[in-house]
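So the structure is just underneath, and the comments pick up after that.
The values are calculated or read from the model by the stated rules, or taken from the named source; none is laboratory data. What you see is a predicted model, and the numbers here were worked out from it, not measured in a lab. Cβ atoms come from the backbone with ideal geometry, glycine included; neighbour counts cover every protein chain shown. Each accessible area value is taken on the protein alone, full model and side chains, heavy atoms only, with ligands, DNA and RNA left out. Shrake-Rupley method; radii C 1.70, N 1.55, O 1.52, S 1.80 Å.
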Amino acid sequence: LARFKARYAVKVGTLIKPKKCEVCEKKVSGHALQGHHEDYSKPLEVIWLCYSCHADADRELESRIKTK
């Protein structure tokens, strides 16, 4: 649901998708940039990441969840 809301917000212009990864600052095409949610209850709080940085962020988030 969070992904759908974020995609819709980008489509209507209330959420702006940048042209580069927010972590490594690599420029990527629009579809290659992925939205990462740290908290799915906040669907419009998105960090825009390239594929590699998104995979790293997901692993880190999964690790934090397992240690709780």
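Evaluated against (1) in contact with a Leu (Cβ under 6 Å, 6 or more places away or on another chain); (2) hydrophobic (A, V, I, L, M, F, W, C); (3) in a helix (DSSP H, G or I), residue 53 falls short on exactly one condition, (1).
State all residues of segment 11-39 that are in a helix (DSSP H, G or I) and at pLDDT below 95; if no residue qualifies, say none.
Passing the criteria: 30, 31, 32.
Beta carbons closer than 6 Å, at least 6 apart along the sequence or on distinct chains, pair a first residue in segment 19-43 that is free of Cβ contacts under 8 Å to residues at least 60 places away in the same chain with a second that is open to solvent by less than 90 Å² (accessible area, probe 1.4 Å) and in a loop (DSSP other than H, G, I, E, B) for 21/50; 26/50; 28/50; 35/46.
Considering only segment 13-62, how many residues are of a type in the set (Phe, Trp, Tyr) and under 18 Å from residue 1 (Cβ atoms)?
Here the count works out to 1.
So is residue 13 free of Cβ contacts under 8 Å to residues at least 40 places away in the same chain and on the phi > 0 side of the Ramachandran plot or not? Spell out the reasoning first.
Numbers: free of Cβ contacts under 8 Å to residues at least 40 places away in the same chain: yes; on the phi > 0 side of the Ramachandran plot: yes.
The answer is yes for residue 13.
Only residues that are closer than 21 Å to residue 52 by Cβ, touching a helix residue (DSSP H, G or I) at 6+ places or on another chain (Cβ under 8 Å) and either open to solvent by less than 40 Å² (accessible area, probe 1.4 Å) or among the β-branched types (Val, Ile, Thr) (or both) were counted across segment 1-27, and they come to 2. Taken over segment 36-58, the criterion of being under 16 Å from residue 14 (Cβ atoms) and open to solvent by 30 Å² or more (accessible area, probe 1.4 Å) is satisfied by 42, 44, 45.
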